Ligand code: MN
């Protein structure tokens, strides 16, 4: 079994459950209870699952939109700190096994920048996970310039996690089975990342590294088309879009345990831009690990994707 680092692994604490609950839909209460129990555990249950899967280290992040769905900015700022302090306590108990992604109130760019700095400098977090839009505002909004400046200064990673769109697209009407993780989140989250690329964020902040789950939310499949149309439509960027996607975005395997998209992603972005993740507890951690251990790859590439690329990004080499 190859040793692994996982970057999209979730937790929950009572202060945030009401934000998450509104997005889970009508789940059987027994299943809901089991998922909350797994999310809330930082001890034996999680560590045993990690051990079974060969995951030496996991970067933990809050499940659900969290305070990004909060309508009172002051409450959002206050609660984000509560969540980060709780996570930091768990990380400090097991620093060899856990790191944390900061949870940020993106309603207030300066507060988000300051909290990110506190999380990186004081709590030792490698970056932040942003759960999609914040009450309809995306990360390319001009008011967020102070946040991106701080991200670049700190060398922090920003992981964009899927969220429900502001309004469901009419094309999905009547097809509940296409909503959320089937198709809706991929389009929503891929579009969010493309807003940053096409909006010139990486021309302004060339050292920023963005992370995306689900093998890049379909972007690796479409690089040629982005370049071709950006030129045709006169998109004003210093480089073709594919170059930013290759140089400023890293992707994880979360919830995409399939060889064909993995091979496409490696071919499109390079094997050094791809990292393992399980998306615990929403995906089967054993299935994720078995895929990583057995998918046909040369062993150097397998070790890089499973561990080395993430260790470099998270600066974990010394542990
Ligand atoms: Mn996830």
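All of the numbers you see were taken from the coordinates with simple rules; none came from a lab. Since the model is a prediction, treat every value here as computed from it, not as a measurement. All Cβ positions, glycine included, derive from the backbone under ideal geometry; neighbour counts span all protein chains shown.
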If each Cα of the range 4-313 is one equal point scatterer, what is log10 of I(q)/I(0) from the Debye formula at q = 0.10, 0.12 Å⁻¹? -0.52, -0.78
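May I ask you to compute the full-extension gain from residue 167 to residue 231, defined as 0.36 nm times their residue separation minus their alpha-carbon distance, rounded to one decimal in nm?
Details: separation 64, 0.36 × 64 = 23.04 nm, distance 2.98 nm.
Working it through step by step, the gained length comes to 20.1 nm.
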Between residue 290 and residue 221, 0.36 nm times their residue separation minus their Cα-Cα distance comes to what? 22.4 nm
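Using per-residue counts of other Cβ atoms within 10 Å, averaged over each peptide, order 107-118, 282-293 from highest down.
On the way: 107-118: 19.8, 282-293: 18.1.
Packing order, densest peptide first, comes out as 107-118, 282-293.
Could you work out how much longer the chain between residue 176 and residue 263 gets when fully extended? Use 0.36 nm per residue separation minus the Cα distance between them, nm to one decimal. Provide the component values of the computation, followed by the final result.
Values: separation 87, 0.36 × 87 = 31.32 nm, distance 2.98 nm.
Roughly 28.3 nm would be gained on extension.
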Protection proxy ranking of 94-105, 158-169 - average other beta-carbon atoms within 10 Å, highest first: 94-105, 158-169
Hey, rough spin-label estimate for residue 145 and residue 272, points 7 angstrom out along Cα→Cβ, what's it come to in nanometres? 3.3
If you line up the Cα atoms of the range 1-86 on their principal axes, what length do they span on each, largest first, in Å? 47, 30, 17
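Percent antiparallel among DSSP beta bridges with both residues in the chain, to the nearest 5? Mind dumping the intermediate values first?
Values: 1 of 25 bridges.
Given both bridge residues lie in the chain, the antiparallel proportion sits at roughly 5 percent.
Within 10 Å of each residue's Cβ, count the other Cβ atoms and sort 205, 32 from fewest upward. Show your work: numbers first, answer last.
Numbers: 205 16, 32 13.
In increasing order of surrounding Cβ atoms, one gets 32, 205.
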Can you figure out the FRET efficiency of residue 94 with residue 247, using R₀ = 51 Å and their beta-carbon distance, to the nearest 0.05? 0.95
Calculate for the chain the 222 nm mean residue ellipticity that helices alone would give, adding -39,500 (n - 2.57) per DSSP H run of length 4 or more and normalising by residue count, nearest 500 deg cm²/dmol. -12500 deg cm²/dmol
